[in-house]
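The values are calculated or read from the model by the stated rules, or taken from the named source; none is laboratory data. Values in this document were obtained by computation on a predicted structure and should not be read as measured data. Cβ atoms come from the backbone with ideal geometry, glycine included; neighbour counts cover every protein chain shown. With ligands, DNA and RNA removed, areas are computed over all heavy atoms of the protein, side chains included. Shrake-Rupley method; radii C 1.70, N 1.55, O 1.52, S 1.80 Å.
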Amino acid sequence: MIRTITSTYVVLPIDNIDTDIIIPARFLKVTGKAGLGRHLFANWRYAEDGSPRPEFVINRPEAAAARVLVAGDNFGCGSSREHAPWALADFGFRAVVSTSFASIFRNNCLKNGILPIAVEPAFHRKMVAAAGAPAAAGPPPTVTIDLETRTISLADGTSATFPIEPFPRYCLLNGLDELSFLLQQEEAIEAYERRAGGG
Amino acid sequence: MPRTLFDTIWDAHLVRPESDDTPAVLYVDLHLVHEVTSPQAFAMLRERGRKVRRPERTVATMDHSTPTTPRGADGRIPVTDPEAAAQIAQLETNCRDFGIPLFALGSERQGIVHVIGPELGLTQPGMTIVCGDSHTSTHGAFGALAFGIGTTEVAHVLMTQCLLQTRPSTLLIRAEGRLHPGVTAKDLILGIIAKIGVGGGTGHVIEYAGPAIRALSMEERMTVCNMSIEAGARAGMIAPDDTTFEYLAGRPHAPQGKAWERALADWKSLATDDGAAHDRAVTIDASRLEPMITYGTNPGMAVPIRGEVPPSDGEASMERALGYMGLHPGQRLLGHRIDVVFIGSCTNARLSDLRQAASVLRGRKVAANVRLLVVPGSQSVKQQAEAEGLDRVFREAGGEWREAGCSMCIAMNGDQILPGQYAVSTSNRNFEGRQGKGGRTFLASPLTAAASAVAGTIADARELVE
Ligand code: SF4
């Protein structure tokens, strides 16, 4: 169940981050979902010897508490691997903000309790700029996402609405599984199969 | 009201239409399953005590993590990676437990899921086809609505044979004119993606039309539709015609006899009606296209092979891509040193692709600095290629002739390029690390790949074959 998320956020403002960057294919040889967070952004996050690169955004101390990732345009392009949202969720992210998302990735996020929040470029620039200020200037910026009202608000009071289809929103707000709805369609499915000439 | 090809197929598969509050319930005719994106879905079925609703509409194969190394003395393909072995064994168990037909590793019909569907005649016009794989768009070449889904959706389809979907928009891409000799379907689709951008098709289903598309063979059409996802599109489709029907006739799973006649009548009606409007339309002149090659880290970053790396747009993404590729604006790509050539993948590993590559490699040698891997898309492609002696052409040139699978396209099975190496690949993704951590990919056609293997640098095949 998700209603509101209030959290600090971290930024990775690079466009077209693909699912091979989010989680490289060599980590897909699993039969479960658990623990994929350690492979999130693996090729950018770890040095050759496997040690974390301290400067990479999700290795920085402020990332530990951040539930929101702000990424560049067309985030999640590429493959259909649901391992990408599994890895993001396992790391601790509950929302990703971008100017646009790849369709399959967006779908996969909604099925795993991650909100894909698309905002206008100006709003996005503002979020990135706020995070870019030197650390000494203060604590990391925060954001509030309200799924009920479909708004995203920044600490300075600016806010924007974001698009989300009614059905996944309803499911997320009420902690329901999209599958239950589908399973209730049994009669209609049977009728369709009779119409279409059976299986 | 006149309808597009997409509308017709969508409407025919509505179990329940979209409402203000709920998405459409869309029936799935064919569900393709592979070892990497399915184990967690089968686990969901077991947790809920559910069966597969329509096992006869489901087909599984193994391709992504399977080795492509030569068979052992016992005729089997050895799986040495324990993780891959576990995934493969899991698929075998799942297919046995749930009654799903499986084309297992080493079997005659195994291969890349998007290669075997069409070659077995499973893929047919007018169908809805899904798979836990984004290149499911390939099957749209037959006038099917085919798209990739995530693992949760794989579970949904296994349990209900249906998917919850909101209606996408449609984008018409008309390719006018004709491709010149030496310019291939791969160059056409790379040209299209370079034009509309990697997000240019987001939220849309593409319909490809126009004389340049009509002139393509089925295998070429598959190459085009395959990469629809690289423009962000959900699916790509081409209305079926005689080329489609001729390809399908006599395939193992295609309808036969009276059923064929009925199907044919049905399929012939699958076209966008006159006057039906797509939400967007783009036109490209195929006769102006040159062989294309990518220079960056997404498939939209492509230029004509005799061209140069374009000036930087100043964006972090472009700077990053060029840094990763070790290239700079204004640099010519022709003559750039390479280390590996990969001919394979669901984009370009069908028989016609291998024939094209072989036409360049016949009687020539792969340059000493280059490792050439030729990986047929399926066991059936492999057998046909061997029957024609193509394997000998590749071997005699100094290339490796492998078993069927995804191989170096996704580098999950040990086939990979090394950090810093450059590869010319006939696959579909030049993403950072896609073909191996630190590896750098130039995407191109089989002709360009083969010519580059001979030259040891990026080369224009037209100079060799003319
Ligand atoms: S060949 Fe490559 S793109 Fe095609 S299904 Fe396999 S991994 Fe995916």
(request) Would you point out the residue of the stretch A:93-103, among those that are closer than 23 Å to A:LEU176 by Cβ and open to solvent by less than 10 Å² (accessible area, probe 1.4 Å), that is nearest to the other protein chains (Cβ to nearest Cβ)? (result) A:VAL96
(request) Return the total of residues in the stretch B:1-20 being surrounded by 19 or more Cβ atoms within 10 Å (Cβ to Cβ), among the hydroxyl-bearing types (Ser, Thr, Tyr) and in a loop (DSSP other than H, G, I, E, B). (result) 1
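What helices (runs of 4 or more DSSP H) completely inside the stretch B:375-463 contain at least 1 residues that are free of Cβ contacts under 8 Å to residues at least 12 places away in the same chain and touching a helix residue (DSSP H, G or I) at 6+ places or on another chain (Cβ under 9 Å)?
Values: elements: B:379-387, B:390-397, B:446-455.
Helices (runs of 4 or more DSSP H) meeting the threshold: B:379-387, B:390-397.
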(message) Looking at the stretch B:33-61 only, could you name the residues that are within 16 Å of the ligand (Cβ to nearest atom) and either away from every other protein chain (no Cβ under 12 Å) or surrounded by fewer than 20 Cβ atoms within 10 Å (Cβ to Cβ) (or both)?
(response) B:VAL33, B:VAL59, B:ALA60, B:THR61
(request) Please enumerate the residues belonging to the stretch B:129-155 that are within 11 Å of another protein chain (Cβ to nearest Cβ), β-branched (Val, Ile, Thr) and buried (at least 24 other Cβ atoms within 10 Å of the Cβ). (result) B:VAL130, B:THR136, B:ILE149, B:THR151, B:VAL154
(message) Looking at the stretch A:5-32 only, could you name the residues that are more than 25 Å from A:ARG60 (Cα to Cα) and more than 11 Å from every other protein chain (Cβ to nearest Cβ)?
(response) none
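Please find, among B:GLU92, B:GLU108, B:GLU119, the residue that is within 14 Å of another protein chain (Cβ to nearest Cβ) and charged (D, E, K, R). Please lay out each step first, then the result.
Working: B:GLU108 fails: within 14 Å of another protein chain (Cβ to nearest Cβ); B:GLU119 fails: within 14 Å of another protein chain (Cβ to nearest Cβ).
Checking each option against the conditions leaves just B:GLU92.
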(request) Could you give me the residue pairs with C-beta distances under 6 Å whose first residue belongs to the stretch B:347-359 and is in contact (Cβ under 8 Å) with a residue 60 or more places away in the chain, whose second residue is of a type outside the set (S, T, N, Q) and more than 16 Å from the ligand (Cβ to nearest atom) wherever it lies, and which are 6+ apart or on separate chains? (result) B:LEU354/B:ALA385; B:LEU354/B:LEU390; B:GLN356/B:LEU447; B:ALA357/B:ALA450; B:ALA358/B:LEU390; B:ALA358/B:VAL393
(request) Hey, could you check the stretch A:58-88 for residues that are of a type in the set (Gly, Ala, Ser) and in a helix (DSSP H, G or I) and say which is farthest from A:LYS33 (Cα to Cα)? (result) A:ALA63
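Residue-wise test of (1) within 25 Å of B:LYS186 (Cβ to Cβ); (2) surrounded by fewer than 20 Cβ atoms within 10 Å (Cβ to Cβ); (3) within 14 Å of chain A (Cβ to nearest Cβ); (4) free of Cβ contacts under 8 Å to residues at least 40 places away in the same chain.
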{"position": "B:ILE293", "(1), (2), (3), (4)": "yes, no, no, no"}
{"position": "B:MET301", "(1), (2), (3), (4)": "yes, no, yes, no"}
{"position": "B:ILE305", "(1), (2), (3), (4)": "yes, no, no, no"}
{"position": "B:PRO310", "(1), (2), (3), (4)": "yes, yes, no, yes"}
{"position": "B:GLU315", "(1), (2), (3), (4)": "no, yes, yes, yes"}
{"position": "B:ARG320", "(1), (2), (3), (4)": "no, yes, yes, yes"}
{"position": "B:GLY323", "(1), (2), (3), (4)": "no, yes, yes, yes"}
{"position": "B:GLY326", "(1), (2), (3), (4)": "yes, yes, no, no"}
{"position": "B:PRO329", "(1), (2), (3), (4)": "yes, yes, no, yes"}
(message) Can you confirm whether B:THR347 is open to solvent by less than 30 Å² (accessible area, probe 1.4 Å), in contact with a strand residue (DSSP E or B) (Cβ under 9 Å, 6 or more places away or on another chain) and among the hydroxyl-bearing types (Ser, Thr, Tyr)?
(response) yes
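Does A:PRO121 fit the bill of being touching a residue at least 12 places away in the same chain (Cβ under 8 Å), within 14 Å of chain B (Cβ to nearest Cβ), farther than 23 Å from B:VAL157 by Cα and open to solvent by 50 Å² or more (accessible area, probe 1.4 Å)?
On the way: touching a residue at least 12 places away in the same chain (Cβ under 8 Å): yes; within 14 Å of chain B (Cβ to nearest Cβ): yes; farther than 23 Å from B:VAL157 by Cα: yes; open to solvent by 50 Å² or more (accessible area, probe 1.4 Å): yes.
So A:PRO121 passes the test.
Under the condition of being of a type in the set (Gly, Ala, Ser) and within 14 Å of another protein chain (Cβ to nearest Cβ), which residue from the stretch A:149-195 is most open to solvent (accessible area, probe 1.4 Å)? Don't jump to the end; show me each part of the working.
Within the stretch A:149-195, the first condition is being of a type in the set (Gly, Ala, Ser), and the residues that meet it are A:153, A:155, A:157, A:159-160, A:175, A:180, A:188, A:191.
Of the ones still in play, those that are also within 14 Å of another protein chain (Cβ to nearest Cβ) are A:180, A:188, A:191.
On the way: A:SER180: 51, A:ALA188: 32, A:ALA191: 33 Å².
So, considering only residues that are of a type in the set (Gly, Ala, Ser) and within 14 Å of another protein chain (Cβ to nearest Cβ), the one most open to solvent (accessible area, probe 1.4 Å) is A:SER180.
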(message) Name the residue that is farthest from the other protein chains (Cβ to nearest Cβ), counting only residues in the stretch B:186-226 that are within 16 Å of the ligand (Cβ to nearest atom) and out of contact with any helix residue (DSSP H, G or I) (no Cβ under 6 Å at 6 or more places or on another chain).
(response) B:LEU190
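Rundown of residues vs (1) over 30 Å from A:SER180 (Cα atoms); (2) basic (Lys, Arg), yes/no style:
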{"position": "A:SER51", "(1), (2)": "yes, no"}
{"position": "A:PHE56", "(1), (2)": "yes, no"}
{"position": "A:ALA64", "(1), (2)": "yes, no"}
{"position": "A:ASP73", "(1), (2)": "yes, no"}
{"position": "A:ARG106", "(1), (2)": "no, yes"}
{"position": "A:ILE152", "(1), (2)": "no, no"}
{"position": "A:ASP156", "(1), (2)": "yes, no"}
{"position": "A:SER159", "(1), (2)": "yes, no"}
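Of all residues being within 14 Å of the ligand (Cβ to nearest atom) and either at pLDDT below 95 or more than 12 Å from every other protein chain (Cβ to nearest Cβ) (or both) in the stretch B:397-410, which is surrounded by the most Cβ atoms within 10 Å (Cβ to Cβ)? Just the residue, please.
Among those that are within 14 Å of the ligand (Cβ to nearest atom) and either at pLDDT below 95 or more than 12 Å from every other protein chain (Cβ to nearest Cβ) (or both), it is B:GLY405.
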(request) Select the strands (runs of 3 or more DSSP E) contained entirely in the stretch B:21-76, then report the ones holding at least 3 residues which are among the β-branched types (Val, Ile, Thr). (result) B:58-61
(message) Could you go through the stretch B:156-169 and let me know if any residue there is surrounded by 24 or more Cβ atoms within 10 Å (Cβ to Cβ) and more than 14 Å from every other protein chain (Cβ to nearest Cβ).
(response) no
(message) So B:ARG167 passes all but one of these: (1) in a helix (DSSP H, G or I); (2) over 21 Å from the mean Cα position of the chain (by Cα); (3) closer than 26 Å to B:ASP133 by Cβ. Which condition number does it fail?
(response) (1)
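Each row is one residue, and each column tells you yes or no for (1) in a strand (DSSP E or B); (2) in contact with a His (Cβ under 9 Å, 6 or more places away or on another chain); (3) among the β-branched types (Val, Ile, Thr); (4) modelled with pLDDT of 95 or more.
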position: B:HIS114; (1), (2), (3), (4): no, yes, no, yes
position: B:THR138; (1), (2), (3), (4): no, yes, yes, yes
position: B:THR152; (1), (2), (3), (4): no, no, yes, yes
position: B:LEU179; (1), (2), (3), (4): no, no, no, yes
position: B:VAL183; (1), (2), (3), (4): no, no, yes, yes
